[in-house]
Amino acid sequence: WDRCQMLSIKGINRTVGQEQQAGMKEKQVLEDLEVHLARRETEALFQEQPETGNQYLEDTLLRSYLKTHLPPKILEEVHRDLERFGDRLLTKIQPLSWECELNPPVFQQYDAWGRRVDRIHTCSAWRRMKEISAEEGLIAEAYERRYSNWSRLYQAVKLYLFSSSSGGFSCPLAMTDGAAKVIESLGIPGSLKNAFDRLTSRDPEKFWTSGQWMTERRGGSDVANGTETVARKQPDGTYRLYGFKWFTSAADSDVTLTLARIADAEGQCTQGSRGLSLFFLRVRDEEGKLNSIQVQRLKDKLGTRQMATAELWLQGARAELISAEGRGVAAISSMLNITRIHNVIGAVAAMRRMISLSRDYARKRVAFGKLLKDHPLHVQTIARMEVQVRGAFLLLMEIVRLLGLAETNLASEQEQLLLRLLIPVAKLYTGKQASAVAVEAMESFGGQGYMEDTGLPVILRDALVLSIWEGTTNILALDVLRSLAKSQGQVMAVFLSTVQKKLEQAGGAEELSPAVRRTREAIGSLRQFLAGAGAERALTMELAARDFSYSLARTYTGRARTGVTEPCNGLGALLLEHAARPDASPTDVCAALRWCNQELCPVAVESGRGSYQGGAALQDSALVFGNS
């Protein structure tokens, strides 16, 4: 190539003889080049593809957690099944995932003769994912409870391993799990027994998936004011639903839960949340015809393209009222808790997948004369991501552990309060983490990370929705405040005492004593902030809601630096607890220590800067909208 550039770039004054001689040299260079390129075709690729093996066996944090917490007999059974499942994911399920991405759903509104059919065609790989979900008991495991309070945690682990290889099928599973939870919470009434059995079945021929039709044109999370769908009671006791659903994920599901307002004899409906009731409906009849539903179009989304998300008209869809009239929001709350936990599972799984690929690529890719793994700065970048996913994973495990206790009536009142607080905290925090880690991990592949056929952009696109689904960051932050207000401060008291107990358990380890002390100082900062909210408490807390929720997540997950100039020796509740185990590895301790590279209590820092004072809201408005 250098010889070609010399001939073509340098300008040379030549005689006729020199021109002929130069022409012969150029011809020889081109002939040599052709031979060179032909030879290159038989050589190794420029870059080796990053790969992962059995996801379960390679996840040392997961395995150490299970070893620490599960009873020995349960651990033995679970280990065998997860190792088998990891092999199946690698050899059978992962290829199906890519097929789902390459063959997204297609909407057919009319047939060849002009009849309206509204068919959503999904690929065979997507349909196979549904069968696999049943075979593996990805919903059934939580409701069979063969491992008592550990069943929910075991289900979450399988979903965590499945998520990044599911081809987007994790979303309908989340709603299916949520629907099953709602029906169970209602006592599994006789009219819903068949539906519950199908939603929790291991038989692919019987297994149903469920939708969750909440979002309408006027509102997303604001269902109280945004729901316009009307339910009209029929003589046989069923209802007919009329309305427009703006955003329905997994529109190819078998059944769904949805909110609507019941019209009285004069056709009037109660507005606000008190007017909402919860309904169950079949999407299609036994012949496969839609239940008085019309599909307007499929959404053109940034990510999760494997799944059909549609706009639907309900034109008299037959439905069954399953909540008390006007108690729809309360009835569906258990579904929202489950789907938010699934959101956390997806976030942690996406981070783990990207980091695993980044790590393998660092072992193979040569740059500047050595492997990426031998470049300290590159390894530092991956290590920082690893700390994030470790903290998120332990927070996820804590939530499903508590949920398992609650579902088997083994949770104390304090544990139930803690679960209520941690679900929105974990959802909002891990959703943000997943986006940040996915972007950083993509960069670790250089230009290859930006190439569609590597599959890496798919992981990034699908991760970006995790801070939006099931409530945006701000919506969840306000939900955290509601949990505090509704419990009259009991939730926060339980949170603080739980952290203190975990610190006491780790206090015996001398190497962790500075971290224990600093974590206690951080808890003190949280107490001081709450006590000093002042006369304008409502406005102060709303402005602080996001930072406050971040502070809860970081304090409970791991300890961070309390001052920008203070040396970092801190770790906290969950990471500290895991690092204090008798058989903890140096990696466990290192990960806990590294967590302190971020600010633990941003709400205290921002409060000290006056970010939540009365005038701050006016300043924010002026900055955004240019108000004088």
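In table form, for the structure just shown:
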item: Some residue of the range 349-360 being under 12 Å from the mean Cα position of the chain (by Cα) and either more than 21 Å from Gly53 (Cβ to Cβ) or among the hydroxyl-bearing types (Ser, Thr, Tyr) (or both); result: no
item: Close pairs from the range 135-151: first at pLDDT below 95, partner open to solvent by 20 Å² or more (accessible area, probe 1.4 Å), Cβ under 9 Å, at least 6 apart; result: none
item: Scan of the range 336-367 for residues that are open to solvent by less than 10 Å² (accessible area, probe 1.4 Å) and either among the small types (Gly, Ala, Ser) or modelled with pLDDT under 95 (or both), ordered by number; result: Ala347, Ala349, Ser358, Ala362
item: Any hit, the range 209-225, residues being open to solvent by less than 20 Å² (accessible area, probe 1.4 Å), of a type in the set (Phe, Trp, Tyr), assigned to a loop (DSSP other than H, G, I, E, B) and in contact (Cβ under 8 Å) with a residue 40 or more places away in the chain; result: no
item: Condition broken by Asn409, with the remaining ones in (1) part of a helix (DSSP H, G or I); (2) farther than 17 Å from Ala392 by Cα satisfied; result: (1)
item: Only listed residue being touching a strand residue (DSSP E or B) at 6+ places or on another chain (Cβ under 7 Å) and among the hydroxyl-bearing types (Ser, Thr, Tyr), chosen from Ser412, Ser323, Ser356; result: Ser323
item: Gly391 vs. criteria out of contact with any Gly (no Cβ under 6 Å at 6 or more places or on another chain) and either within 22 Å of Arg305 (Cβ to Cβ) or modelled with pLDDT under 95 (or both); result: no
item: Boolean, Pro204 is under 18 Å from the mean Cα position of the chain (by Cα) and either in contact (Cβ under 8 Å) with a residue 40 or more places away in the chain or closer than 27 Å to Gln94 by Cα (or both); result: no
item: Selection count, the range 226-240, where residues are crowded, with 23+ Cβ neighbours inside 10 Å and not hydroxyl-bearing (Ser, Thr, Tyr); result: 1
item: Residue match in the range 121-128 (condition: among the polar types (S, T, N, Q) and closer than 18 Å to Ile345 by Cβ); result: no
item: Options Ala180, Ala195: the member that is open to solvent by less than 10 Å² (accessible area, probe 1.4 Å), part of a helix (DSSP H, G or I), under 15 Å from Thr258 (Cβ atoms) and modelled with pLDDT of 95 or more; result: Ala195
item: Top-ranked residue of the range 604-626 - restricted to ones that are outside any helix (DSSP H, G or I) and at negative phi, ranked as least open to solvent (accessible area, probe 1.4 Å); result: Tyr612
item: Checking Glu536 against (1) among the acidic types (Asp, Glu); (2) at pLDDT 85 or above; (3) more than 30 Å from the chain's Cα centre (by Cα), the condition it does not meet; result: (2)
item: Subset tally (residues that are in a helix (DSSP H, G or I), among the charged types (D, E, K, R) and under 30 Å from Leu419 (Cβ atoms)) for the range 437-493; result: 4
item: Residue that is farthest from Val437 (Cα to Cα) [pool: residues in the range 361-400 that are among the basic types (Lys, Arg) and more than 18 Å from the chain's Cα centre (by Cα)]; result: Lys370
item: Condition broken by Ala515, with the remaining ones in (1) part of a helix (DSSP H, G or I); (2) at pLDDT 75 or above; (3) hydrophobic (A, V, I, L, M, F, W, C) satisfied; result: (2)
item: Some residue of the range 284-295 being open to solvent by less than 20 Å² (accessible area, probe 1.4 Å) and either without any contact (Cβ under 8 Å) to a residue 12 or more places away in the chain or closer than 22 Å to His342 by Cα (or both); result: no
item: Subset of the range 241-283 that is in a loop (DSSP other than H, G, I, E, B) and among the hydroxyl-bearing types (Ser, Thr, Tyr) - its residue that is most open to solvent (accessible area, probe 1.4 Å); result: Thr270
item: Selected residue [touching a residue at least 12 places away in the same chain (Cβ under 8 Å), open to solvent by less than 30 Å² (accessible area, probe 1.4 Å) and aliphatic (A, V, I, L, M)] from Ala436, Ala463; result: Ala463
item: Test: residue in the range 37-48 that is surrounded by 11 or more Cβ atoms within 10 Å (Cβ to Cβ), over 25 Å from Tyr147 (Cβ atoms) and at pLDDT below 95; result: yes
item: Any hit, the range 442-458, residues being under 19 Å from Val389 (Cβ atoms) and under 16 Å from the mean Cα position of the chain (by Cα); result: yes
item: Members of the range 369-394 that are of a type in the set (Asp, Glu) and closer than 26 Å to Val344 by Cα; result: Glu386
item: Selection status of Ala411, more than 24 Å from Arg554 (Cβ to Cβ) and at pLDDT 95 or above; result: yes
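The values are calculated or read from the model by the stated rules, or taken from the named source; none is laboratory data. Since we're looking at a predicted model, the values are computed, not measured. Reconstructed Cβ throughout: ideal geometry from the backbone, glycine too, with neighbour counts over all protein chains shown. Note: accessible area is taken over every heavy atom of the protein model, side chains too, but ligands, DNA and RNA are not part of it. Shrake-Rupley method; radii C 1.70, N 1.55, O 1.52, S 1.80 Å.
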